[in-house]
1. How high is the FRET efficiency between T353 and Y220 when r is their beta carbon distance and R₀ equals 35 Å, given to the nearest 0.05?
2. For region 134-140, just list the computed ³J(HN,Hα) in residue order, Karplus coefficients 6.51, -1.76 and 1.60, θ = phi - 60°, integers in Hz, with x standing in for Gly and Pro.
3. Calculate the dipole size of the chain relative to its Cα centre from +1 charges on Lys and Arg beta carbons and -1 charges on Asp and Glu beta carbons; express the result in debye to the nearest 20.
4. Roughly how many nanometres apart are two label points built 7 Å out from the Cα toward the Cβ at A263 and S69?
5. Just the projected area, averaged over all directions, of the convex hull on the alpha carbon atoms of region 219-360: how many nm²?
6. Would you please give the residues with an amide H less than 5 Å from that of V303, counting only those at least 5 places away or on a separate chain, with H modeled from the backbone geometry?
7. Sorted from largest to smallest, which semi-axis lengths in Å does the alpha carbon gyration tensor of the chain give for its equivalent ellipsoid, taking the root of 5 times each eigenvalue?
8. If you restrict to DSSP beta bridges whose two residues both lie in the chain, what percentage is antiparallel, to the nearest 5?
Amino acid sequence: MTEAILLVGGKGTRLRPLTVHTPKPMVPAAGVPFLTHQLARARAAGVEHVVLATSYLAEVFEPYFGDGSSLGLHLEYVTEVEPLGTGGAIRNVASRLHSGPDDPILIFNGDILTGLDIPALLDTHRSSGADVSLHLTRVEDPRAFGLVPTDGTGRVTAFLEKPQTPEEIVTDQVNAGAYVFRRSVIDTIPAGRPVSVERETFPDLLAAGAHLQGMVDSTYWLDLGTPQAFVRGSADLVLGRAPSPAVPGRTGESLVLPGAVVAPDAKLSGGTVVAEGAEVGAGARVHGSAVLAGAVVEPGAVVTDSLIGAGARVGARTHLTGTVVGDAAVVGPDNELREGTRIWCEATLPAATIRFSSDQ
Ligand code: GTP
């Protein structure tokens, strides 16, 4: 039986200001809570047992996913009293695993959208005989990431903190947040205190002579740390660029969920999703955006690369680009908001209050 641990706790619990109630893994991406995509991809790769390691609001996961059987999985939940960090969280769920000491355990960070070839990572682990195998991805600007250089055979040579100077950028390979641990290695992580895999477990293993193997896979990869990244990820799921068996419908320019109402002359494109109970009015144009449940885009509005929170309202003729409108917020008619604007949940922006382009 293939087992996996999914890490969904820690400090970054919310996608502020989009939502104050829903933890990140439950925010819908392409129509279903983001976590569904990760669980469905794991299942498609042959995983049967998943332990969800969380440190907050576990009660929002269980009512939705239950025992996992609707996804063909056996799903268990473990909640930390205090956040234990990534390594501490892994150690904390060890007793739930059924695998033998030499068996591979998959571990996924819960805030990554990726097309990773999971069986290939398991194959790399088996054929290299490594203690831990890591998915590495190449990024254009590695300054925001810890670097993971490897030798000619793919063996990890170091874990380097975020580089501060150009000389410190020795590779463009970064930790992509998916690992295979040999089961017995998990038991060597100290129990009962916070541990970071990147800052403690991996460097300590290297120092002790363990074999850490990197697998560079330049597939789709996105860190969903910000609401803007969430918009991108949702659109890429709808477009089919980010592969997931959990997208509830055919991939394409748009996804309109049952119970949504879209005016016949409204135009949806660029991977836009319109969730259940949401409305898009006459003549509105929505591109690359997510309109969450019960939200309303009024006639003539133009919404591009934006996230419209649950129950929010975008007024008639308002133009939004790269904007996040929090749950139940109202942007009145005839506004123009641009890249980076965030409207807090339940806030109201009156009609004709902000514009950037010249007045005509
Ligand atoms: P450390 O490596 O422990 O310092 O965490 P980090 O802050 O560097 O990790 P990051 O924020 O990159 O989170 C990676 C994944 O681990 C995300 O999916 C988080 O939800 C999850 N995570 C981070 N900290 C914790 C924690 O304390 N408990 C649990 N269960 N998950 C965590």
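Laboratory data are not the source of any read-out in this text; all were calculated from the coordinates shown. Nothing here was measured: the structure is a model prediction, and the numbers come from that model. Here the Cβ positions follow ideal geometry from the backbone for every residue, glycine too, while neighbour counts run over all protein chains shown.
1. Computed FRET efficiency for T353 and Y220 comes out at 0.35.
2. 10, 7, 10, 10, 9, 10, 5
3. Details: 27 positive and 40 negative charges, 78 e Å.
Around 380 debye, computed over the chain.
4. Those two pseudo-labels are separated by 4.6 nm.
5. One quarter of the hull surface, i.e. the mean projection, equals 8.3 nm².
6. Here the answer is R285, V286, H287, L320, since their amide H atoms fall under 5 Å of that of V303.
7. Details: eigenvalues 308, 94, 65 Å².
Working through the eigenvalues yields semi-axes of 39, 22, 18 Å.
8. 30 percent
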